[in-house]
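Okay, so here's the structure we're looking at.
All of the numbers you see were taken from the coordinates with simple rules; none came from a lab. Treat the numbers as computed from the prediction; the structure is a model and nothing was measured. Here Cβ is always computed from backbone atoms with ideal geometry, including for glycine, and neighbour counts include all displayed protein chains.
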Amino acid sequence: MRRNSLRLRLLAGAAVTVFLALALAWAGISWLFLQHVERREADALVQIAEQVVAGLTVGADGRPVVEPRPADPRFQQIAGGSYWQATNARGSVQSQSLWDQSLPRTGASLNRWTRATVMGPYGKQLTMVSRQIRPDERPLGVTVRVANDNSEVRSAVRDFDRVLALSLALLWLVLSIAAYVQVSLGLRPLDRLRRDLERLRRSPSARLSEHHPHEIHPLIEAINAMATAREGDLVRARRRAADLAHGLKTPLAVVAAQSRRVREAGADNAAESLDRAVEAVGAALEAELARSRAAAARGASGDSDAIEVVEGLVSVIERTEEGEAIAFSIDIAPGLRAPVDGTDLAEMLGALIENATRHARRQVRIEGRREAGAIILRVEDDGPGMDASAIEVATQRGVRIDERGSGHGLGLSIVRDLADATEAMFGLGASALGGLSAELRWASPDHPPKRR
Amino acid sequence: MRALLVEDDPDLSEDVARSLAAAGFVVDRCSNGEDAWFQGDVEDYAIAILDLGLPRLDGLSVLRRWRAASRTMPVLILTARGEWTEKVEGIDAGADDYMSKPFATGELIARVRALVRRASGHASAMLTVGDLVIDTARMNASIRDRQAQLSQLEFRLINYLAHQQDRIVPAGEIAEHLYGATDGSDTNAVEAIVTRLRRKLGSSAIETRRGLGYLLTGKAG
């Protein structure tokens with residue numbers, strides 16, 4: 001996950017927030033539990049203290065007397081953890097467990113039991129309740145204190161805190177996973193939007209799908225409107241370029257004719273300059289038309305009957321001076337349809353068959369079949385072929401291949417550009433006929449290509 | 001020999017007309033489709049050079065109207081667009097050759113001469129074998145209702161077979177007739193041409209006698 005990621009931010013935000021909330025909950029629950037346990041402990045101590053109070057009298061010497069004493073054996077065992085003590089100004093009486101120690105003096109109310117946590121004898125922390133009593137309505141009050149070692153309670157609270165912390169940590173994990181799922185579900189439409197935009201980038205005629213959550217519909221509409229405007233600009237620009245290129249061809253033919261007249265008049269140098277200029281402009285026009293065709297083919301939909309296209313092309317090429325001496329064999333599976341518009345297929349195969357015809361000795365073979373999820377069209381000749389290094393150069397992007405004979409050396413470049421635009425693989429190799437084999441391969445519509 | 005030149009650009013038309021005249025043709029010029037259609041329909045020409053992008057009536061429509069009216073003069077089309085589908089449409093409409101602009105006038109004249117020679121060299125001899133009729137003037141063949149335009153090689157092969165009068169002709173002999181000096185692989189080319197002829201004329205028109213060669217039966221079907 002990238003650092004500057006919306007998903008990471010949302011996930012980190014959710015994890016931290018949930019953690020803080022659960023930590024606060026842990027502290028609160030722990031405090032409430034401690035209060036509850038201490039109150040229960042204090043209630044138990046008050047019950048014992050009331051037994052002490054029940055037996056409390058003041059002796060003739062003014063010292064407090066507790067008779068009978070509480071029977072709990074813990075009060076008999078020295079440092080046993082449970083203690084009571086009744087004290088006034090004349091003296092005190094206490095449980096045997098206190099031995100020679102006494103409970104710490106804390107403020108005691110007259111009418112109610114006061115709870116306190118104190119450090120008691122023998123270094124133990126105690127929960128203590130205390131109260132002032134006036135037996136027999138005497139003015140001299142007696143302070144009764146009953147205390148219990150609370151280490152067990154504290155241990156229980158610690159255990160509770162630990163279990164609670166583990167439970168809350170588990171809850172934090174579950175909530176974080178839930179947040180991840182929520183964030184992923186929430187961001188999924190953006191992922192689909194990204195794929196749609198990728199499609200839009202490759203194909204100007206594509207549009208973003210309407211099947212997005214209504215919250216991002218305004219964004220979809222804005223992007224689609226922008227794409228429509230961009231496509232319109234592109235189409236107009238291409239049409240202008242193509243019209244300009246076509247419009248220039250006839251004047252160019254006139255200039256070529258003038259060049260011949262200039263040569264006839266004896267000005268060979270001027271005629272050669274004119275010829276070179278005509279050739280350069282012609283090449284530029286063809287290149288512009290090829291680019292325009294490839295751009296129009298990009299993202300265009302449609303399919304075409306391979307046999308029909310090939311038969312038409314062969315009927316044209318076999319009338320040319322080079323084609324009339326060549327035997328063309330067409331071996332295409334009946335009904336085979338190439339997933340590309342007929343005009344684009346004709347441009348690709350026309351260039352390949354014309355090229356094969358130019359180099360063939362006797363024969364050109366055009367094959368077409370469906371194989372392993374692909375539609376393959378192959379043009380082979382029995383000419384000299386190309387060596388591996390020439391094939392490597394010919395199939396490199398951006399390299400223009402010069403061809404023997406007429407034309408502007410654009411044939412294979414046009415095929416390559418159109419193959420690229422129609423998502424076809426274009427390859428050259430050795431043919432069983434002895435010459436060059438040129439192959440176009442499309443993923444069958446039943447087997448779409450894997451996304452890059 | 002009369003030639004009809006149909007081109008709407010006056011400079012180009014002027015230059016091509018001059019070159020044709022220098023090559024011995026008497027040239028009539030038209031600058032729009034309607035005039036061209038009328039002119040080609042009522043006058044006899046040895047050849048027509050027809051631009052496809054014409055005002056009033058486009059070149060392809062002119063060509064189709066001529067052929068529909070059984071005007072059989074060879075037609076060479078000139079096209080500025082140069083797209084393959086346009087060339088195929090032109091040939092389907094009945095053109096005999098095409099050239100893309102800009103072109104070298106010398107090459108245009110050479111092609112015009114070749115077309116005229118081809119059309120006039122065979123007079124109007126018709127060869128008949130069974131149901132098959134071969135028009136040696138237009139390099140056409142028809143078998144019952146099926147019409148087929150033949151390539152140069154196809155025409156030469158079927159013409160040779162038609163002259164063998166029920167003889168089984170070995171593939172090597174055909175290859176030698178088509179190509180002169182031959183080697184073994186040329187019989188593959190012969191087989192390819194026969195396959196295309198069968199596709200155009202029907203599978204029974206030429207029979208293969210295994211180990212012997214080919215026999216032109218001219219049977220339909």
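For this structure, a couple of remarks:
- Dipole size of the protein assembly as shown about its Cα centre, with +1 on Lys/Arg Cβ and -1 on Asp/Glu Cβ: approximately 3820 debye, rounded to the nearest 20.
- Sequence-distant lysines (8 or more away, or on other chains) whose Cα lies within less than 22 Å of residue B:219: B:200
- Farthest positive-ward along the protein assembly as shown dipole, Cα basis, beta-carbon charges - from A:107, A:373, B:168: A:107
- Given R0 = 25 Å, the distance between the Cβ atoms of residue B:207 and residue B:142 translates into a calculated FRET efficiency of 0.85.
- Cα lying deepest toward the dipole's positive end in the protein assembly as shown, options A:436, A:22, A:64, charges on Cβ: A:64
- A simple rule links phi to the HN-Hα coupling: the Karplus curve 6.51 cos²θ - 1.76 cosθ + 1.60 with θ = phi - 60°, which for the range A:219-225 gives 5, 4, 4, 5, 5, 4, 5 Hz, with x for Gly and Pro.
- Inter-centroid distance (Cα atoms) of the range B:1-41 relative to the range B:153-221, Å: 40 Å
- The range B:45-121 and the range A:260-336: distance between their alpha carbon centers, rounded to Å: 16 Å
- Under 5 Å from the amide H of residue A:430 lie the amide H atoms of A:437, each residue being 5 or more positions distant or on a separate chain, with H modelled from the backbone and absent for Pro and chain starts.
- Cα gyration tensor category, rounded, prolate or oblate, for the range A:255-368 with a/c compared to 1.5: oblate
- Residues of type lysines that residue A:249 reaches as a straight line, Cα spacing below 21 Å, ignoring anything fewer than 8 places off in the same chain: B:87, B:101
- As a calculated quantity, the FRET efficiency between residue A:156 and residue A:219 at R0 = 51 Å, using C-beta atoms, amounts to about 0.30.
- Nearest-0.05 FRET efficiency for residue B:26 and residue A:240, computed from C-beta distance (R0 41 Å): 0.50
- Simple Cβ-charge dipole of the range A:6-156, Lys/Arg +1 and Asp/Glu -1, about Cα centre, in debye nearest 20: 580 debye
- Neighbouring Cβ atoms from other chains, within 10 Å of the Cβ of residues in B:103-112, number 3 on average.
- Peptide A:346-355 shows a mean partner chain C-beta count of 2 within 10 Å per residue C-beta.
- Over chain A, volume per residue of the alpha carbon convex hull, in Å³: 290 Å³
- Between the amide H of residue A:363 and those of A:327, A:382, distances stay under 5 Å, these residues lying 5 or more places away or on another chain, with hydrogens modeled in the peptide plane.
- Estimated vicinal HN-Hα couplings, Hz - the range B:212-220 in sequence order (Karplus 6.51, -1.76, 1.60; Gly, Pro = x): 10, x, 10, 10, 7, 9, x, 7, 7
- Remark: relative contact order (the range A:1-138) = 17 percent; criterion is Cα-Cα distance under 8 angstrom and separation of 6 or more residues.
- Cut-off under 5 Å, modelled amide H: who pairs with residue A:423 long-range: none
- Candidates A:422, A:148, B:42 compared by Cα position along the dipole of the protein assembly as shown: farthest toward the positive end lies A:148, with charges placed on Cβ.
- Karplus 3J(HN,Hα) series, Hz, for the range A:168-179 with 6.51 cos²θ - 1.76 cosθ + 1.60 (x for Gly, Pro): 5, 5, 4, 4, 4, 4, 4, 5, 5, 5, 4, 5
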